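Read the figures in this text as sums done on the coordinates, not as results from a lab. Quantities reported herein were computed from a predicted structural model and do not represent experimental measurements. Here the Cβ positions follow ideal geometry from the backbone for every residue, glycine too, while neighbour counts run over all protein chains shown.
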C-alpha cells in the first residue's frame, strides 16, 4: 500500500514538473526543472528496484545533461522564442504516440507478477546457475557483468560519451571566454 502511494506521488510530481517545463519561457528554469524531472524518474526507478537504471538516469539525465544544457544556454539565447501561433500537428502526434504506448503496455504482466516470464524463466535461471556459470560470489555483479554485459556496456558507453561531450563543450566555452577577454 505504501509503495503504491509513493508511486502515485512520484508520478504526480513527474506530471506537474513536465507541465511546468512546458509553461516556462526562461531556458535556465527549464534546464533546472529537467534535472528535477530526471531525479524524480530516478526515485521512481529506485522504488521499482531498478537501482542500476536509477543510477544511470541520475548520472546522465540529471547530471551530465544538465551541464550540457547549461553550456548550451551559455552559448545561445537565455529565453525561448515565442511561436506565432498554436500548432495542432505536434500535439496530435504526441497524443497518438502516447495512446499507442499505453495500448502497447496493456497486455504486459503486472509489475512483480510471480507468473511473468521474467520471474518464471530468467530469474530462476540466474539464481540457480549464476554461481556455476560465472563463478562470482555476488550474484548481482555476475548478472550485470556477464548475462547483461552488453546492456551494462551500453550504459557505460552512454555515460562515457556524455562525459566526453561535457569536456568538449566546457573546453570550447573556456576558449570562447578567453577570446572574448582578449578582444576587450
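Quick check on the stretch 77-118: take the gyration tensor over C-alpha atoms, sort the square-rooted eigenvalues as a ≥ b ≥ c, and tell me if it's rounded (a/c under 1.5), prolate or oblate. Note, shape of the stretch 77-118 comes out oblate. Expressed as a fraction of 2.2 N^0.38 Å, the C-alpha radius of gyration for the stretch 30-101 is 1.42. For the chain, the longest principal axis of the C-alpha atoms and the axis of helix 2-23 are separated by about 20°. The angle separating the long axis of helix 27-47 from the principal Cα axis of greatest extent in the chain is about 10 degrees. Going by neighbour counts of Cβ atoms within 10 Å, the residues 183, 57 line up, fewest first, as 183, 57.
Its residues counted as N, the stretch 1-43 yields a C-alpha radius of gyration over 2.2 N^0.38 Å of 1.26. Expressed as a fraction of 2.2 N^0.38 Å, the C-alpha radius of gyration for the stretch 89-139 is 1.89. With angles folded into 0 to 90 degrees, how steeply does helix 65-75 sit against the dominant principal axis of the chain? Use alpha carbons for both and round to 10. Taking the Cα atoms of the chain, the angle to 65-75 is about 10 degrees. Please build a GNM for the chain, connecting alpha carbons under 10 Å apart, and tell me which residue among 169, 92, 43 fluctuates the most. Per the Cα network of the chain with a 10 Å cutoff, 92 tops the list. Among 26, 181, a tally of other beta-carbon atoms within 10 Å of each Cβ gives an order, fewest to most, of 181, 26. Values of log10 I(q)/I(0) for the chain across q = 0.12, 0.16, 0.19 Å⁻¹ run -0.86, -1.26, -1.42, by the Debye formula with one identical scatterer at each alpha carbon and no solvent. Dimensions of the stretch 24-70 from C-alpha coordinates, computed as largest minus smallest value along each principal axis and given longest first, are 35, 18, 6 Å. Going by neighbour counts of Cβ atoms within 10 Å, the residues 111, 45 line up, fewest first, as 111, 45.
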